[in-house]
Every structure is written in structure tokens, then in C-alpha cells.
């Protein structure tokens with residue numbers, strides 16, 4: 001008889017109590033929601049900030065008069081062929097919160113101490129869930145510094161909601177392509193509550209509240225993302241085929257033959273004072 | 001009776017232990033956590049044991065050697081040669097594995113993500129797929145498939161082997177413009193493992209098979225782990241003063257004027273403007 005009563009008891013105790021302790025490094029994914037796959041904007045929507053309204057003035061952003069004027073100028077400039085306040089044509093990241101408009105699909109990678117949001121066209125967001133506080137000396141960034149907290153709102157033993165707060169920004173940043181501006185002080189606070197729709201696990205809600213000095217009050221929108229399980233990733237290198245060229249504060253266009261062109265009617269060419277053979 | 005009771009307990013306990021099937025057992029994988037940087041004292045040359053440029057002594061075909069020499073000559077004259085990073089395009093593979101800045105590696109059972117500070121992430125699939133996968137579309141990073149190996153048989157993986165195919169171009173290995181072939185048929189093979197005598201060194205043996213080479217070219221990269229990790233958002237386009245117009249690279253001065261990037265450079269052709277420059 002290979003096993004005595006005592007050895008079986010010892011083995012049972014070891015298996016019951018010992019192995020889970022030895023296995024302390026296991027990441028129990030069953031404690032976290034299933035956010036796998038690729039998340040996209042709902043069908044038929046553009047990249048407007050509030051998905052329930054059209055872009056631009058129809059957004060009714062709670063802007064202070066000074067910033068409302070900036071938005072109106074931006075849209076007028078865009079109507080005339082300019083870029084207004086939208087800096088994305090330079091391939092700079094959209095930063096937060098605009099990057100969560102999900103132009104191209106995104107992916108969530110959930111680990112115990114951090115949740116990554118991967119984009120096709122931007123560097124990833126890091127959302128720290130390890131209990132840290134906002135550092136005092138972190139370098140400001142367009143994506144900001146994000147701290148998250150998981151919660152089990154229905155008490156079923158599994159986290160279902162990720163609350164995120166993001167601070168410490170660089171700018172300029174806008175809320176959408178029309179140029180809805182954020183304040184130049186970059187003191188924005190972005191609060192997000194991410195969770196799956198209770199009746200449709202392939203729909204994610206991201207309740208995003210922006211607190212910003214350009215606004216008269218916090219602005220909350222409900223962003224919806226739809227899950228695509230038929231995942232296809234694309235490497236979106238913005239600069240690869242970017243025909244916009246910024247010289248000083250002017251945006252020009254380079255055509256398919258490589259010639260510089262005006263980007264708007266009657267635009268003056270760049271000042272070539274540093275060239276010895278410049279046209280007179 | 002007692003036997004049956006304890007045998008039942010044993011089966012139940014074993015079942016309970018196995019039950020969380022979705023648990024990801026990190027203890028099976030090597031500790032690649034933290035921030036990885038270039039070895040102290042190395043520059044961003046491809047073979048880190050040699051200086052960039054000619055000392056690399058790459059096994060290039062004669063045609064590509066000429067191209068490389070032209071690239072270095074252009075750079076000596078103020079141009080950028082074959083180095084396309086000036087446009088903020090991704091370095092792609094294999095050059096991105098030189099770690100210009102720093103990188104982080106995430107291991108999950110089905111995928112490994114390599115996250116850079118200034119390039120889009122690499123996805124290395126370890127879910128058993130092959131290169132016929134439908135999402136295998138050409139890219140600068142290529143399509144990477146990895147395989148974990150337990151070389152010393154201790155029940156824990158210690159080596160990650162990766163093969164990467166299906167590229168876009170142009171790509172090069174280092175700032176001198178050391179070129180890969182225009183056919184983009186490169187195959188990159190990597191073996192990554194922790195140094196046995198120093199677990200804070202990650203070794204990456206990289207072999208490049210490319211039509212611009214007369215034979216496969218293997219280099220060994222050593223990355224050092226930085227435990228005091230600090231991440232920085234490195235946005236290449238944020239302060240890029242290079243301006244590409246057609247095939248010409250110009251420079252923009254601090255006060256926003258277009259400048260020649262090399263001696264005697266012609267200004268851009270302004271034929272599409274109705275008013276002339278100053």
C-alpha cells in the first residue's frame with residue numbers, strides 16, 4: 001500500500017490549503033470582468049464627444065463665453081480650410097479625454113496592478129490600480145496620469161466597474177475634432193466609470209465627466225463602445241501618409257507629387273528668408 | 001471508510017484548486033516585469049558591441065552596401081540618409097528592439113505585449129496560431145508569433161522564441177541607415193531569456209534573415225532592468241523641427257522659419273502659390 005491514512009490526510013490538507021498559497025502569483029482573471037476583444041464606436045457614429053448629439057455647436061458644451069468664442073472661431077477656420085483648434089493633423093496624440101472617443105478600435109488589458117488601454121494610433125494609457133496616489137513630481141502628459149479602482153457593485157464577488165481619475169495634463173487638448181477647447185491651465189480632471197451594459201455584455205459604457213476651467217460646470221457624457229470579437233489589429237502610424245506640413249503656425253499641404261500647396265484660399269507661401277536661392 | 005472520506009476530500013480539494021480555470025498562473029513564466037533599458041554605455045547601434053556605422057560590419061550584399069554608404073555620406077552632408085525616423089514613423093522591426101528609450105513586457109497566456117515609449121506596441125501571439133491568421137497584414141512591426149520553452153525542465157518557461165514576418169518598409173537597423181531589403185521579406189528570429197547569472201539582464205538574441213544580407217545576421221542585445229520605473233510620454237511629433245516636403249528634409253527654426261537642412265539646399269518649389277515668398 002503506497003499511501004497510509006496519514007499520508008492521504010497530509011496530501012489532502014496540502015492540496016486544499018497548501019497549493020493555493022504556493023500559487024500566490026496567479027492572476028485570477030475570474031475576479032475581473034470580461035472586457036476581451038476589440039472595442040469600437042457604435043455603428044453610424046462619428047467621433048463627436050457626446051454620442052447622442054451632432055458634433056460642434058450641437059454638443060452644447062458648457063463652455064464659458066471666452067471658450068465658446070474659441071470653439072466658434074475654430075469651426076469657422078475649419079470651414080475656411082484651416083484646422084482650427086484641432087491639432088491632430090500634426091499627428092500629436094489626442095490625449096485625454098478625446099482619445100476615449102475611440103477613432104480606431106481599442107483594447108483593454110487587465111492586470112492586477114494596472115489596466116492598459118491600447119489604441120491603434122496612440123501610445124497606450126496606463127491606469128494604475130495598485131492603490132497608489134497621484135505622484136507629486138510626475139511629468140505632465142497629453143494622456144495624463146490615471147488611477148483606477150475596481151468595484152463589485154452587485155456584490156457577486158466579481159469586479160464589474162472600473163472608476164478612473166486622470167490628472168496632470170499637457171496641452172493644448174480638445175474634446176473633439178471641431179476644436180471644443182479645454183483650458184490652457186491643463187488643470188483638467190477626467191473621471192470615468194467603465195462597465196458592461198447589464199443587458200448586453202458586448203456593449204460597454206464609459207461615463208466620462210470632465211471638470212475643466214473652460215467649463216461652467218462638469219460635463220458628463222455616456223460613451224458607448226461595442227465589442228468586436230472578430231479582432232483585426234492595424235498599425236496606424238499617423239505620420240506614414242500625413243500630407244499636412246506645419247511651418248511656423250501655418251498648415252500647408254504636400255500633394256502626391258511632393259509639391260507644397262496652400263491649404264486654404266489665398267494662403268501666403270512660407271517665408272524662405274534662410275535660403276540663398278529663394279524666389280524673389 | 002476513513003480512506004474513502006479522505007480520498008473524497010483529496011479529489012474535492014484537487015478539483016477546487018484546479019477550478020479557477022481562467023486563473024493566469026504567472027509562476028509558470030519568467031519574471032520579465034519592470035522597465036527594460038539599453039545596457040549602460042551602449043548607444044543605439046544595431047550590434048551593441050560595436051560603434052554604429054561601418055564598424056558594424058554587416059553582411060550586406062554589394063548593392064545594399066552602396067546604399068548604406070550613400071546614406072552615411074548624405075548624413076555627413078547634413079541629410080538624413082536612409083534614416084526615416086526623422087518623419088516620426090515607427091522604427092519597426094528589428095530596429096525598435098534596440099530600445100531607444102525603454103520598454104515593458106506583459107506576459108499573458110495567449111499574447112505578449114511589448115510596450116514602448118515612442119513606438120506603437122508589438123503583439124507577440126503565443127496562442128498557437130500560425131502566419132496564415134487572417135489579421136496578418138503588413139506592418140512596420142511585422143506579425144510576431146512566439147513560443148515558450150522550458151529549457152531546463154524545471155516546470156517553468158525560461159525562453160521565449162519569436163519569429164516575425166510580413167513587413168512594410170522602408171526599414172533600417174540603426175541611425176546610420178543600414179538598410180533592409182525593399183522586398184520587405186525579412187524574417188526576424190528572437191530568443192529572449194534572463195541572464196542566468198543576473199536576472200536583471202534580459203538577453204535578446206536577434207537573427208535577421210533578409211535579402212539585403214549575404215547570410216543571416218545575429219546580434220545579441222542585453223537589456224537592463226530598471227526597478228525604479230518612471231514612464232514618459234515620448235511623442236515624436238510634439239517637438240519635431242524636421243519638415244519633409246516631397247523627398248527633401250528641411251528644418252524649422254525656433255521662430256518658425258523654414259531653413260535648409262544642408263549646405264546649398266534648394267528651397268521648396270512654390271508653383272502652387274499665387275503669391276511668391278519674401
### Query
For B:84-96, what's the mean count of beta carbons from other chains sitting within 10 Å of each residue's beta carbon?
2
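Give the order of A:261, A:204 when sorted by the count of other beta carbons within 10 angstrom, beginning with the fewest.
A:261, A:204
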## Note on the structure
Each label sits 7 Å from Cα toward the beta-carbon; between residue A:202 and residue A:40 the label points are separated, in nm, by 1.1
### Task
Round to the nearest 10 and give me the degree value, 0 to 90, for the angle of helix B:62-76's Cα axis relative to the longest principal axis of chain B.
70
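Hey, with R₀ at 22 Å, roughly what FRET efficiency would residue B:255 and residue A:268 work out to, going by the Cβ-Cβ distance, to 0.05?
Here the calculated transfer efficiency is 0.85.
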### Query
In deg cm²/dmol and to the nearest 500, what is the mean residue ellipticity at 222 nm of the protein assembly as shown if only DSSP H runs of at least 4 residues count, each as -39500 (n - 2.57), divided by the residue total?
-3500 deg cm²/dmol
### Query
Measuring from label point to label point, each 7 Å out along Cα→Cβ, what is the residue A:241 to residue A:132 span in nm?
3.8
## Note on the structure
Computed over chain B: longest principal axis from alpha-carbon atoms vs helix B:2-18 long axis, angle to nearest 10 degrees, is 10
### Task
Give the whole-number value, in cubic angstrom per residue, of the convex hull volume spanned by the C-alpha atoms of chain A.
234
### Query
Helix A:65-79 versus the longest principal axis of chain A: what angle, 0 to 90°, nearest 10, using Cα atoms?
70
### Summary
Hits in the range B:218-248: amide N under 17 Å from the 7 Å Cα→Cβ extension of residue A:47, namely B:236-238
### Query
From the Cα gyration tensor of the range A:189-238, with a ≥ b ≥ c the square roots of its eigenvalues, which class applies: rounded if a/c is under 1.5, or else prolate if a/b is larger than b/c, or else oblate?
oblate
#### Entry: Theoretical FRET efficiency, 1/(1+(r/R0)^6), r = Cβ-Cβ of residue A:114 and residue B:207, R0 35 Å, to 0.05
0.60
### Message
Quick check for you: which residues of the range B:40-69 have the amide N under 16 Å from the point 7 Å beyond the Cα of residue B:262 toward its beta carbon?
### Response
B:66-69
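Could you tell me the calculated FRET efficiency between residue B:40 and residue A:58, based on Cβ-Cβ distance and R0 = 45 angstrom, to the nearest 0.05?
0.20
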### Query
Can you give me the Cα centroid spacing of the range A:27-49 and the range B:34-95 in angstrom?
39
### Cα gyration tensor shape for the protein assembly as shown, rounded if a/c is under 1.5, else prolate or oblate
oblate
### Query
Considering only DSSP beta bridges whose two residues both sit in chain A, what percent are antiparallel, to the nearest 5?
95
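Rounded, prolate or oblate, given the Cα gyration tensor of chain B, with a/c below 1.5 counting as rounded? Can you show the working numbers first?
Values: a/c = 2.56, a/b = 2.21, b/c = 1.16.
Here chain B falls in the prolate category.
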### Query
Separation of the range B:101-160 and the range A:215-235 by C-alpha centroid, Å?
26
### Query
How big is the gap, in Å, between the Cα center of the range A:118-192 and the Cα center of the range B:176-227?
35
### Task
Please report the Cα spread of the range A:61-189 along all three principal axes, rounded to whole Å, starting with the longest.
55, 31, 29
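Laboratory data are not the source of any read-out in this text; all were calculated from the coordinates shown. None of the values given here were measured: they were computed from a predicted structure. Neighbour counts are summed over all protein chains in view; Cβ atoms, including those assigned to glycine, are modelled from backbone coordinates with ideal geometry.
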